[in-house]
Amino acid sequence: MNLKSKNDSIILALETSCDETSAAVILAGGDKIKILSNVIASQINIHRQYGGVVPEIAAREHLKNILPVVDESLAAAKIKPAELDLLAVVAGPGLITSLLVGVEAAKALSWAWQKPLIGINHLSAHIAANFYQNQVEFPTICLVVSGGHTELIYLKDYWQYQKIGQTVDDAAGEAFDKVAKLLGLGYPGGPAISACAEELRIKNYELRIKLPRPMIKSNDFNFSFSGLKTAVLYATKKMTAAEVKKRTPEICYEFQEAVVEVLTAKTIKAGKKFGVRTVMLAGGVAANKRLRGSLEAAAKKSGFKFLVPEFKLCTDNAAMAGVAAYYLSLKSKPRLDGWKKIKADPNWELK
Ligand code: KG4
Ligand code: ZN
């Protein structure tokens, strides 16, 4: 049954910025948003054997998956193309070969179905996952932590962004992935490290290793994670292979603590400096339970409201782009010929 009323919009969103081919259908009107479908064709099992995402393979898989995923998301939402009001596509940042598949498919569908299309920034989509079923009190600060980005974004309103800090080298997710690779834990590293760290807590191992908390006391809002990864490398070089294996839970635990402490401290410091009402967390690393718990506790202690998307909306998916598209469409009316101006931009920055 279609629950659409007169002022509601039905949006089909596509996301192909990295290694997930995703399409989602959103029903939105006023403050009410409903995700009708959110289909994700994950390529993790294909890239796992290479220890990370191989761009050429990712693009080929997107090509194979994009139209079936669109069909499946429409069917799951029980929506026909003619019922759509708007199309949206993540146009950057990301891998150019991956972005191109989603962007060109969306442009073709916009033209063929005669529906307006808007381009969505991938990081703004991660942030918008927090707008779903939540009342945001602005101003807010959002910590966006993913495989490619670690940024602190100040928002005065849904679409008024100011980047106030970022990583000067590796992203937090990238550090999780690289440390996991170094310890032989496979790809993606975040969930593997976090599960292994949990073992330390359960089995009550002794914690002897101490890693640095990079830039925790610096006066800016920037981050650095590549030194932390090198510190793990040096620590393991001092051990025998058997010792590394035995102490892997201890290394994972201390590494996760170091990342979480730095991210929490800098975000709260930014929240205080900018006088925000809400602290938000977004991006793939926001699926990390330790980080969610730590930031929530620190935010509440400092009197901020805390928001984080439900787990399945943290890692890459198209529903978050659909939510972002809805708020963007309220700001400026999408045009039927909008597709002509949309280009995949691997370096699209949120400013
Ligand atoms: O946002 P995302 O799905 O893709 C990018 O935009 O990069 O984020 C993927 C990143 C990967 O680096 C992955 O290891 C990390 O998010 N990640 C996690 C967890 N789940 C995913 N990191 C830490 N803990 C997790 N539970
Ligand atoms: Zn992402």
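General observations
- In this rough spin-label picture, where each label sits 7 Å from Cα along the Cβ direction, the residue 181-residue 327 distance is 3.3 nm.
- Stretch in the chain that is longest and holds no GluC sites (Glu not before Pro) that DSSP places in a loop and that have at most 12 other beta carbons within 10 Å: 1-136
- Based on C-alpha pairs under 8 angstrom that are at least 6 apart in sequence, the chain has a relative contact order of 25 percent.
- Helices in the chain, meaning DSSP H runs of at least 4 residues, each add -39500 (n - 2.57). Divided by all residues, the mean residue ellipticity at 222 nm is -14000 deg cm²/dmol.
- For segment 76-145, the square roots of the Cα gyration tensor eigenvalues, ordered a ≥ b ≥ c, give a/c of at least 1.5 with a/b no greater than b/c, which places it in the oblate category.
- The chain: angle of helix 226-237 to the longest principal axis, Cα-based, in degrees nearest 10: 40 degrees
- Global geometry of segment 56-189, whether rounded, prolate or oblate, following the gyration tensor of its Cα atoms and the 1.5 cut on a/c: oblate
- For segment 229-257 and segment 68-117, distance of Cα centres in Å: 44 Å
- Chymotrypsin sites (Phe, Trp or Tyr not before Pro) lying in DSSP loop within segment 273-342, provided at most 15 other Cβ fall within 10 Å: none
- Mean sequence separation of contacting Cα pairs (under 8 Å, at least six apart), scaled by the length of segment 137-308, corresponds to a relative contact order of 29 percent.
- Ranked by how many other beta carbons lie within 10 Å on average, peptides 232-242, 21-31, 313-323 from highest: 313-323, 21-31, 232-242
- Summary of the geometry: segment 47-67 and segment 258-310, compared by the centres of their Cα atoms, lie 32 Å apart.
- Distance in nm between pseudo-label sites at residue 114 and residue 297 (7 Å out along the Cβ direction from Cα): 5.9 nm
- Helix 241-273 vs. the chain, principal-axis angle (Cα, 0 to 90°, nearest 10): 60 degrees
- Averaged over its residues, the chain has an accessible area of 45 Å² per residue, based on protein heavy atoms and a 1.4 Å probe.
- What the Cβ-Cβ distance of residue 157 and residue 208 gives, at R0 = 41 Å and to the nearest 0.05, is a FRET efficiency of 0.30.
- Rounded to 10°, Cα long-axis angle of helix 172-182 versus longest principal axis of the chain: 50 degrees
- Virtual spin-label span in nm between residue 135 and residue 82, 7 Å along Cα→Cβ: 4.0 nm
- One chain, two ends: residue 273 and residue 201. Fully extended at 0.36 nm per residue, the span grows by 22.5 nm beyond their Cα-Cα distance.
- Shape of segment 137-308, Cα gyration tensor, a/c cut at 1.5: prolate
- Exposure check, 1.4 Å probe, all protein chains in place: residue 253 carries approximately 60 Å² of accessible surface.
- Equivalent ellipsoid semi-axes, the chain, via Cα gyration tensor eigenvalues times 5, rooted, Å: 36, 23, 17
- Packing, as the average of other Cβ atoms within 10 Å across residues, places the peptides 32-39, 330-337, 91-98 in the order 91-98, 32-39, 330-337, highest first.
- Length gained on full extension, residue 265 to residue 337, computed as 0.36 nm times the residue gap minus the Cα-Cα distance: 21.4 nm.
The values are calculated or read from the model by the stated rules, or taken from the named source; none is laboratory data. Small disclaimer: the values here were computed from a predicted structure and weren't measured. FYI the Cβ positions are ideal-geometry reconstructions off the backbone, even for glycines, and counts take in every protein chain you see. SASA here: full protein model, heavy atoms, side chains in, ligands and nucleic acids out. Shrake-Rupley method; radii C 1.70, N 1.55, O 1.52, S 1.80 Å.
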